[in-house]
Amino acid sequence: MKKAMVILAALGLAASLFAADPFVGTWKLNVAQSTIKSGPPPKSVISTFTAQENGLKLVANGVEADGKALHVEYAAKFDGKDYPLKGFTDADMIAINRIDAYTFYEQFKKASKQVYSARLVVSKDGKTLTRTLNTKNAKGQDVTDTAVYKRQ
């Protein structure tokens, strides 16, 4: 009986740690507060992060500036290793690293070569997620996009 109680308590602790991750939840892009220099901004994006062991799963859906559907997803651990990325034409893998409880870093790769990177930060009040993406515009010039998301 004691063994079962210890196991249940450990499972409860693990579940509460996953739930405590400030990234977990649904986020809606606030286009008006965002600065997108790489091209026309999307009309809408809803991103949902769910916890997984030592990492996150992301599913994002929306509408591109040209009206086409947008769908991006990955499931990755905070170990810097490459994981499959769906929904991008210029990247097929992603590696993520946790910087602190409110910050993590994404490296987007194509054929094992980094093509761009992003830093994601959740505000201390947990209401805003800012994603700063270092990428290139249509002319191949380095630009920084800042996407601001609000918790739903």
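Each value in this text was obtained by applying a stated rule to the coordinates, not by laboratory testing. This structure is a prediction, so every number in the text was calculated from the model and none was measured. Cβ: placed from backbone, ideal geometry, glycine included. Neighbour counts: every protein chain shown.
Simple spin-label estimate for THR144 and ILE46 gives 3.1 nm between the two label positions (7 Å along the Cα-to-Cβ direction from each Cα). FRET efficiency for the pair TYR102 and ALA75, taken as 1/(1 + (r/R0)^6) with r the Cβ-Cβ distance and R0 = 22 Å, rounds to 0.60. Secondary-structure-derived ellipticity at 222 nm for the chain, considering helices only, amounts to -4000 deg cm²/dmol, per-run term -39500 (n - 2.57) for DSSP H runs with n ≥ 4.
The charge dipole of the chain, taken about its Cα centre with unit charges on the Cβ of Lys, Arg, Asp and Glu (plus for the first two, minus for the last two), comes to roughly 180 debye.
Sorted ascending by nearby beta carbons within 10 Å, beginning with the fewest, LYS68, LYS136 become LYS68, LYS136. Each residue, VAL115 and LYS86, gets one label point 7 Å from its Cα in the Cβ direction; the gap between the two is 1.8 nm. Computed from the alpha carbon atoms alone, the convex hull of segment 2-151 holds 118 Å³ per residue. Normalised by the number of residues in segment 2-151, the mean separation of alpha-carbon contacts (under 8 Å, six or more apart) gives a relative contact order of 20 percent. Mean-square fluctuations from a GNM of the chain, with a 10 angstrom spring cutoff on Cα atoms, peak among ALA65, ALA32, ALA51 at ALA32. Cβ crowding within 10 Å, taken as a proxy for footprinting-reagent exposure, orders SER44, SER112, SER38 from fewest neighbours to most as SER112, SER44, SER38.
Going from the fewest other Cβ atoms within 10 Å to the most, the residues ILE99, ILE94 appear in the order ILE99, ILE94.
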